[in-house]
């Protein structure tokens with residue numbers, strides 16, 4: 001990128017002709033190294049290591065008296081699947097994600113329609 005820079009002396013710039021220009025205020029100082037920060041996307045599996053079924057098995061290991069239906073009911077009542085602190089959807093491909101989002105948009109519109117009709 002530095003190779004593409006062209007310096008213009010002050011007072012020799014015409015706004016009516018020439019290529020786009022960026023005005024730099026200050027001094028240009030060469031540096032010996034550039035520090036690059038690489039952001040690595042965290043794996044969904046490291047953020048959310050258990051599936052709903054695995055979560056259910058872990059809960060039942062700790063308390064065998066809890067029935068699986070009770071766990072599903074607690075997940076449903078607390079809207080755990082829609083709370084990104086606890087879960088996220090893992091799509092196999094873009095088409096699957098788009099289909100899910102279209103269905104979710106339809107559900108939102110349907111909920112609003114149902115509420116306003118009540």
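Is it true that residue 34 is under 22 Å from the mean Cα position of the chain (by Cα) and either modelled with pLDDT of 80 or more or under 30 Å from residue 3 (Cα atoms) (or both)?
Here the answer is no, as residue 34 does not meet what is asked.
Per-residue answers, yes or no, for (1) surrounded by fewer than 10 Cβ atoms within 10 Å (Cβ to Cβ); (2) part of a helix (DSSP H, G or I); (3) touching a helix residue (DSSP H, G or I) at 6+ places or on another chain (Cβ under 6 Å):
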position	(1), (2), (3)
32	yes, no, no
39	yes, no, no
42	yes, no, no
50	no, no, no
54	no, yes, no
59	no, yes, yes
69	yes, yes, no
72	no, yes, no
75	no, yes, no
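For the stretch 78-98, what are the residues that are closer than 19 Å to residue 50 by Cβ and not in a loop (DSSP other than H, G, I, E, B)?
If the condition is that a residue be closer than 19 Å to residue 50 by Cβ and not in a loop (DSSP other than H, G, I, E, B), then 80, 81, 82 are the ones that fit.
The values are calculated or read from the model by the stated rules, or taken from the named source; none is laboratory data. Given the structure is predicted, the values throughout are model-derived calculations rather than measurements. Neighbour counts run over all protein chains shown; Cβ positions are idealised from the backbone, glycine included.
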